[in-house]
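A short write-up of the structure that comes next.
The values are calculated or read from the model by the stated rules, or taken from the named source; none is laboratory data. Bear in mind that the values here come from a model prediction, so they are computed numbers and not experimental data. Cβ placement follows ideal geometry from the backbone for every residue including glycine, while neighbour counts extend to all protein chains displayed. Keep in mind that these areas ignore ligands, DNA and RNA; they rest on the heavy atoms of the full protein, side chains included. Shrake-Rupley method; radii C 1.70, N 1.55, O 1.52, S 1.80 Å.
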Amino acid sequence: MTEPRITPLAPMPDDWRRALAVVAHPDDLEYGCSAAIAAWTDAGREVAYVLATRGEAGIDTLAPDQCGPLREREQRASAAVVGVSAVEFLDHRDGVIEYGTVLRRDIAAAIRRHRPELVITLNHRDTWGGVAWNTPDHVAVGRATLDAAGDAGNRWIFPELVERGLDPWDGVRWVAVAGSSTPTHAVDATPGLERAVRSLLEHRTYIEALTDEDPETYARGFLTGTATATGERFGGTPAVAFELFAR
């Protein structure tokens, strides 16, 4: 039988200056693409984070009013490791984010504030490669981000944003989806991989609730394994994969 052909991943575009990453929870970016973000900030590009929730429902042993502020602090520290200082929270409720016009409007507003050329989000499909069910929060935020990239440029959608001084921004050129089972592009993870490990380790409280494994062993094993596997489609170079939607 003929071996299945592995389609190579193309390099991500690099002719941009500003990016905005929009995800549901603290740690979503650290599991998904922080090695790429470290490389981008090293190159002088601006990256900002917007999180729909504070991850307050993410740790069974901590009540939401304790968990939310703790996970916010961990997220800000985590972002700083990879050169990101702008971190915003939209204050949707963790675990029950609803896809719809309210979420689209909040993300469109963030896009208008930050005026990115590249928008990054996480897998918006029902499953992770057909083998594991995705969470409703990831699906809602990923889908809403793809839609909001268009909403941000249309003054007649959410006209109240113009009244708040947020003029339309039609400058989004791509939306890059991390964690996709059908990636098209990739970024060399090598320069940012060590910082990606340290960035994930800032979510220590969450990791210690998630696994009995040593946190550094866990973080390094997960990120290195994922980057190495992706590299099989990127010339053997450890990489972070994205499914890229041009606009």
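Of everything in region 1-22 that's among the aliphatic types (A, V, I, L, M) and touching a residue at least 60 places away in the same chain (Cβ under 8 Å), which residue is most open to solvent (accessible area, probe 1.4 Å)?
Ile6
One residue is enough: does region 116-127 have a residue meeting the conditions part of a loop (DSSP other than H, G, I, E, B), open to solvent by less than 50 Å² (accessible area, probe 1.4 Å) and farther than 29 Å from Leu70 by Cα?
yes
Quick one: which of Arg195, Arg220 is among the basic types (Lys, Arg), at pLDDT 95 or above, surrounded by 15 or more Cβ atoms within 10 Å (Cβ to Cβ) and under 14 Å from Ala36 (Cβ atoms)?
Exactly one of Arg195, Arg220 is among the basic types (Lys, Arg), at pLDDT 95 or above, surrounded by 15 or more Cβ atoms within 10 Å (Cβ to Cβ) and under 14 Å from Ala36 (Cβ atoms), namely Arg195.
Take the residues in region 23-44 that are open to solvent by less than 40 Å² (accessible area, probe 1.4 Å) and of a type in the set (D, E, K, R), then tell me which one is farthest from Leu200 (Cα to Cα).
Asp28
Looking at (1) assigned to a helix (DSSP H, G or I); (2) surrounded by fewer than 21 Cβ atoms within 10 Å (Cβ to Cβ); (3) of a type outside the set (D, E, K, R), which is the only condition Ala79 fails?
(2)
Residues of region 63-106 being closer than 13 Å to Tyr206 by Cβ and in contact (Cβ under 8 Å) with a residue 40 or more places away in the chain, which ones?
Result: Leu70, Arg71, Glu72, Glu74, Gln75, Ala77, Ser78, Asp94.
Among what's in region 160-180 and is free of Cβ contacts under 8 Å to residues at least 40 places away in the same chain and part of a loop (DSSP other than H, G, I, E, B), pick the residue that is nearest to Val139 (Cα to Cα).
The qualifying residue nearest to Val139 (Cα to Cα) is Asp170.
Could you say which residue among Arg155, Arg113 is of a type in the set (Lys, Arg), surrounded by fewer than 23 Cβ atoms within 10 Å (Cβ to Cβ) and not in a loop (DSSP other than H, G, I, E, B)?
Arg113
State the number of residues belonging to region 227-247 that are open to solvent by 40 Å² or more (accessible area, probe 1.4 Å) and part of a strand (DSSP E or B).
2
Being more than 24 Å from Thr135 (Cα to Cα) and touching a residue at least 40 places away in the same chain (Cβ under 8 Å) narrows it down to one of Pro183, Pro191, so name that one.
Numbers: Pro183 fails: more than 24 Å from Thr135 (Cα to Cα).
Of Pro183, Pro191, the one residue that is more than 24 Å from Thr135 (Cα to Cα) and touching a residue at least 40 places away in the same chain (Cβ under 8 Å) is Pro191.
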